[in-house]
1. Filter the range 210-220 down to residues that are under 18 Å from GLY60 (Cβ atoms) and surrounded by 19 or more Cβ atoms within 10 Å (Cβ to Cβ), then give me how many there are.
2. Among the numbered criteria (1) more than 20 Å from ALA78 (Cβ to Cβ); (2) part of a loop (DSSP other than H, G, I, E, B), which single criterion is violated by TYR121?
3. Can you pull out every residue in the range 136-193 that is in contact with a strand residue (DSSP E or B) (Cβ under 7 Å, 6 or more places away or on another chain) and assigned to a loop (DSSP other than H, G, I, E, B)?
4. Does LEU54 satisfy being at pLDDT 95 or above and closer than 21 Å to GLY219 by Cβ?
5. Please go through the range 182-202 and pick out each residue that is within 24 Å of ARG39 (Cα to Cα), of a type outside the set (D, E, K, R) and surrounded by fewer than 20 Cβ atoms within 10 Å (Cβ to Cβ).
6. Regarding ALA4, is this residue among the hydrophobic types (A, V, I, L, M, F, W, C) and farther than 26 Å from ALA181 by Cα?
7. Considering only the range 63-74, I want to know if a residue exists there that is over 17 Å from the mean Cα position of the chain (by Cα) and among the charged types (D, E, K, R).
8. Please enumerate the residues belonging to the range 226-237 that are in a helix (DSSP H, G or I) and surrounded by 15 or more Cβ atoms within 10 Å (Cβ to Cβ).
Amino acid sequence: MSDALLSVRGLEAGYGGSQVLFGVDLDVGCGEVVSLLGRNGMGKTTTVLSIMGLLPTRAGEIRFAGRAMTCQAPFRIAQAGIGLVPEGRQVFPTLTVEENLIATASNRGGRAAPWTLERVYGFFPRLAERRRNYGDEISGGEQQMLAIGRALMTNPKLLLLDEATEGLAPLTRQEIWDRLAALKRDGLSILIIDKTIEALLVLADRHVILEKGRSVWSGSSRALADDPVTRDRYLSV
């Protein structure tokens, strides 16, 4: 995709002497939602960590908004406009909800209508109710809302979500999907990992499937929905 906001080509990475990624290619366009799919252990989280600079790359290229990002420090990547909602939420347990939200808040792009505390509280009213509670005093669903709100407070151009609804109650899971749909309508670019294929087929514009650290399929929601052979081959447990 020539006008991609995020472009990853031939990405290789691993941990110590163990290589996990052997050639990942993916693009996310401006205002586009792309899912990263695959069974457990296929390299999805490793891809996200590599994009964020939290894991060194061994080969390949990462470009964001036309700039080379390969091997950049994580804080530089965040400053460039990529916000991360990590697997396991990783909120600050000894900070209040409000302190979590303002800890990394920034509007480096000078947006006319940036994400602020008031806007996040309007987006996730439960966070407003819990604003004085510490990070380890709120439920898992509220922690996920907080992790998303914290990332939005950096006013990113691209939002990365690793296991967006993992371990959440059904009603909370639906609320998260509804909020992600609202972000898509606002034009925010999103790269998302989740196991709920049905919801991803509704939310995402395109999908990239990983198998043993390689990109093996990419296509639209319609193409994936109409291809049960691919779903069974790469996504069935």
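The values are calculated or read from the model by the stated rules, or taken from the named source; none is laboratory data. Keep in mind that this is a model prediction, so the values were computed, not measured. Here Cβ is always computed from backbone atoms with ideal geometry, including for glycine, and neighbour counts include all displayed protein chains.
1. Final tally of qualifying residues: 3.
2. (2)
3. Of everything in the range 136-193, those that are in contact with a strand residue (DSSP E or B) (Cβ under 7 Å, 6 or more places away or on another chain) and assigned to a loop (DSSP other than H, G, I, E, B) turn out to be THR154, PRO156, LYS157, GLU163, ALA164, LEU188.
4. For LEU54, the condition - at pLDDT 95 or above and closer than 21 Å to GLY219 by Cβ - is not met.
5. THR196, ILE197, LEU201, VAL202
6. No, not satisfied.
7. Yes, because at least one residue in the range 63-74 is over 17 Å from the mean Cα position of the chain (by Cα) and among the charged types (D, E, K, R).
8. THR230, ARG231, TYR234
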